[in-house]
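The values are calculated or read from the model by the stated rules, or taken from the named source; none is laboratory data. Only a predicted model underlies this, so the values are computations on that prediction, with no experimental measurement involved. A quick note on method: Cβ atoms are made from the backbone with ideal geometry, for glycine too, and the neighbour counts reach across all protein chains shown. Remember, those area values only see protein heavy atoms, side chains included, never the ligands or the DNA or RNA. Shrake-Rupley method; radii C 1.70, N 1.55, O 1.52, S 1.80 Å.
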Amino acid sequence: MRKILVTIVLILSVFYTGLLACTDIGVGKLATVDGSAISAQSVDGSYDSRLIIHPAADHEPGSMTPVWEWIVYADRRPLVQLGEIPQVEHTYSWIQTSYPFSNEKGLLMGETTQGGARETANSADAIMTIEQLQAFALQRCTTAREAIELMGSLAVEYGYRESCSRGEGLTIADGEEVWWFEIYGVGPLWKPGDGPGAIWAAQRVPDDHMMVNGNASIIGEIDLETNLPPGVSADDFMICENYLQSTIELGLWQEGQEGPFVWKKVIGTIGTWNPRLWRVFSMFQPSGNWEYGGDTSQYPFSFKPDEKVSVYDIIELYRDVMDDTPGSQLAQEAWFYTDRNGNRVLSPLATPQPGTDIRNLLGLPSTPRLIGVQSTSCYFINQTRSWLPPEIGAVSWFGLGNGHKATVVPIYAGITRVPESWATVNRGIAKIDRDAAFWAFYTVDRLSNQRYGDMMPRIDAVRIPLQQKMYDMQPAIEETALKLYEIDRDLAVEFLTTYTNSLMIEVERAYWDLADTLILRLP
C-alpha cells in the first residue's frame, strides 16, 4: 500500500529539482605532496556567492535555534523558517557562501547534488536541507566523523529536505581524514514521528587515494550481512540503521531479493558515462588506461593517483576544459579556416565553452559536461593540515565565477572579515555592479568568450602572475602567522585576515582593469 501511495503522490506532485551541478574532489593526506587533506567544490549554477563569516557565539542553556530554507538562494529571496532545534551552549565561527564550507577548527567541506531514485523525493514535513545540515555541523563539530554523525542524526530525526536535487553528497576533511557523505529522503509521505526521515551513508577516502563526484552516487555494493562495502572496514564506513528497511518500503528493494545491493544503483541514479569522472581518473591515474566514452558507472569509489597531488594541481583541475582530449571543443573542424597563404588557422572566435547559439550556428556537437564551466557562481579548494593550528593549517582557495579564467585567493579558516564587495552579489539587477567583486570576474568571463583566442592570453597574463605570487608567498605568510600564533592567537588571526583581504582587493581591481581592457577588443 505504501508503494502505491508513493507512486500516486509522485505522479500528482511536481517536485523542484535544480540543475545537477557542482564537481567535488577529495584527496587523502598520503596522496598529497605535503600531507594536506583536500576537499573541493565548484558551485555550478546561479547561487548565492556572497562570503559571509559567522562569529563564534555562546548561547543560553535550553535555547532553540531556527532551521532555515533557501540558504543557497539567500541573495535573492528571504529565508523561511521551517522549524527549530535545541541550541548548543557554544558554536564555532564558520564561513559560508552558497554552501557552508569552513570553520575555525579546520573542518572543511564541499557539496554536490546527486539526483537519486525518484521514490526518495522528500516530504513537505521534512526540514533539514543539506546546506542547513552543513551549517549545524560547522557550528558544532571539529572532525569529519562528528559532522557525519550529527548530520545523519538530525536528518533522520527531522527529515531530509531537498533544496536543489533529491540527493546530496559532501566531501568532508578535517586534516587527518577525508570522507564522502551521501543523503536522500524517504519519500513524500513521511511525517515526524513516522520513523527515520532520511537514508544516508558515508565512506572514508583511503589516505593514499583521491575521489571525484560529478553529480551521481559513487558508493557501491553493500554486504547486507555486514552493512559494509566488501573489503572496507567498519572504521571506514558509516550508514544509517534504516537504509534497508526504507528502501524496501519505497519499493527500491524487495525483502529477500537476491543479487548485490549496489547503493548507487538502488538509491542513487547513475548513468553509464560521466566525462568528469573520466577526466579526473585519466588525468591523475593515466596508468589505468581509462577509456574515453567507457562505462564510468563501473569506476571504483576512489583510486590511488600515479603521482602525489598538490593543492595547486587541484586548483588547476577546476580550470579544466578537456583540452587535448576527444571532448575538446577547440578541436572541432568548424573553428578552423584557411588563410590567404593556404594555412589552416584556428579562429580567434573559437572557445572551449561555446554557448548554445554558437553551437547551433556552426553545427558543433554538444559540449561534454566540463569541470570548468561558465555557470559557476564560485568554487573553493579546501586544504587542511593537521600539523598546524587550524586557523593557519585550514585554508580555502576561493574563486568567483568561471574557474577556467578566475584567480583564487586563500581564505584562512579563522579570518574575521572580508571586503564588503566580496559579501555582495546583486546579481538580480539589470546592470553591472562595480561594488560587487563577482561582477568583475563575470564580466571578464563573458567578454572573453566572444573572442577567446585573442583575450584568453591576456587574462593569463594577469591571472598567472597573481596566482603564482600567492603560491610563492604562502610558506612565508604561514611561517609569520605561526610565530604570531605562539605569542597571541588573535594577533595571528588578524594578520591572516588582513592578508586575505588585501589579496581579495588586489585581485578584484586587477579583473576590473582587465574587463575595461577587454571590452575594446571585441570584434
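Taking every alpha-carbon pair in the range 330-446 and binning the separations at 5 Å intervals from zero gives 2, 9, 14, 15, 14, 13, 11, 8, 6, 4, 2, 1, 0 percent. Based only on Cα atoms, what Rg/Rh ratio does the range 90-223 have, Rh being taken as Kirkwood's radius? Across the range 90-223, the Cα-based Rg/Rh ratio is 0.96. When only alpha carbons of the chain are considered, Rg and Dmax amount to 23.1, 81 Å. Accessible surface for the range 221-372, divided over its residues, is 52 Å² per residue with a 1.4 Å probe.
3J(HN,Hα) couplings calculated from phi for the range 52-68 with the Karplus curve 6.51 cos²θ - 1.76 cosθ + 1.60 (θ = phi - 60°) are, in sequence order, 10, 9, 9, x, 4, 8, 9, 10, 5, x, x, 6, 10, 10, x, 10, 10 Hz; Gly and Pro show x. Here is the list for the range 278-323: GluC sites (Glu not before Pro) lying in DSSP coil, each with at most 14 other C-beta atoms within 10 angstrom of its C-beta, are E291, E307. Taking only protein heavy atoms and a 1.4 Å probe, the accessible area of the chain is 53% carbon and sulfur. Dividing the mean sequence gap of close Cα pairs (under 8 Å, 6+ apart) by how many residues the chain holds gives a relative contact order of 15 percent.
Among the chymotrypsin sites (Phe, Trp or Tyr not before Pro) within the range 206-309, which fall in a DSSP loop and have no more than 14 other Cβ atoms within 10 Å of their own Cβ? Walk me through the numbers before you get to the answer.
Numbers: sites: F237, Y243, W253, F261, W263, W273, W278, F281, F284, W290, Y292, F301, F303; in loops: W253, W273, W290, Y292, F301.
Passing sites in the range 206-309 are W273, Y292.
Rg ratio for the range 18-69: its Cα radius of gyration over 2.2 N^0.38 Å, N being its residue count, equals 1.77. Across all directions, the average projected area of the convex hull around the alpha carbons of the range 472-523 is 4.2 nm². Here the range 381-523 is assigned +1 on the Cβ of each Lys and Arg and -1 on the Cβ of each Asp and Glu. Its dipole about the Cα centre then comes out at about 640 debye. Per residue, the solvent-accessible area of the range 412-500 (1.4 Å probe, heavy atoms of protein chains only, all protein chains present) comes to 48 Å².
Rounded to the nearest 20, the size of the Cβ-charge dipole of the range 279-390 about its Cα centre is 200 debye, with Lys and Arg at +1 and Asp and Glu at -1.
Convex hull volume of the Cα atoms in the range 344-388, per residue, in Å³?
Details: hull volume 7.0 nm³, N = 45.
Value for the range 344-388: 156 Å³ per residue.
For I432, no residue 5 or more places off, or on another chain, has a built amide H under 5 Å of its own. Around the Cα centre of the range 143-238, unit charges on the Cβ atoms of Lys, Arg, Asp and Glu (plus for the first two, minus for the last two) sum to a dipole of about 540 debye.
Does the range 378-428 come out rounded, prolate or oblate, given a ≥ b ≥ c as the square roots of the eigenvalues of its C-alpha gyration tensor, rounded meaning a/c under 1.5 and, failing that, prolate meaning a/b above b/c?
Numbers: a/c = 3.61, a/b = 1.64, b/c = 2.21.
Because a/c hits 1.5 or more and a/b fails to exceed b/c, the range 378-428 counts as oblate.
Of L364, I248, V156, whose Cα points farthest to the positive end of the dipole of the chain (charges on the beta-carbon: +1 Lys, Arg; -1 Asp, Glu; origin at the Cα centre)? Farthest towards the positive end: L364.
How large is the direction-averaged shadow of the alpha-carbon convex hull of the range 160-299, in nm²? Could you put the intermediate results ahead of the total?
On the way: hull surface 39.6 nm².
About 9.9 nm², averaged over all directions.
Note that the range 43-130 presents 35 Å² accessible area per residue, ligands and nucleic acids not counted, probe 1.4 Å.
Expressed as a whole percent, the proportion of Cα-Cα pairs in the range 92-171 lying more than 17 Å apart is 43%.
Quickly estimate the mean residue ellipticity at 222 nm for the chain, helices only: each DSSP H run with n ≥ 4 gives -39500 (n - 2.57), and the total goes over all residues, rounded to 500. Walk me through the numbers before you get to the answer.
Details: 12 runs with 154 residues, N = 523.
The helix-only estimate for the chain comes to -9500 deg cm²/dmol at 222 nm.
Once backbone amide H atoms are built at 1.01 Å from N, W253 has I248 as its partners under 5 Å, excluding neighbours fewer than 5 places away on the same chain. For the range 305-375, applying the loop criterion from DSSP together with a ceiling of 11 other beta carbons within 10 Å to the trypsin sites (Lys or Arg not before Pro) yields R340.
Looking at the chain alone, DSSP beta bridges between its own residues are antiparallel in about 95 percent of cases. Global size of the range 267-393: 18.5, 63 Å for Rg and Dmax (C-alpha atoms, Rg to one decimal, Dmax whole).
Just round it to a whole percent: the fraction of Cα-Cα distances in the range 267-332 exceeding 20 Å. Can you show the working numbers first?
On the way: 693 of 2145 pairs.
Counting pairs separated by more than 20 Å, the tail of P(r) holds 32 percent.
When the Cα positions of P275, P196, M211 are compared along the charge dipole of the range 176-287, P275 comes out farthest toward the positive end, with charges on each C-beta of Lys, Arg, Asp and Glu. The overall shape of the range 413-523, judged from the alpha-carbon gyration tensor, is oblate: a/c is not under 1.5, and a/b is no greater than b/c.
Express the C-alpha Rg of the range 60-123 as a ratio against the empirical globular expectation 2.2 N^0.38 Å, rounded to two decimals.
Working: Rg = 14.8 Å, N = 64, 2.2 N^0.38 = 10.7 Å.
Normalised Cα radius of gyration, the range 60-123: 1.38.
When each of the peptides 483-490, 398-405 is scored by the mean number of other C-beta atoms lying within 10 Å of its residues, the order from highest to lowest reads 398-405, 483-490.
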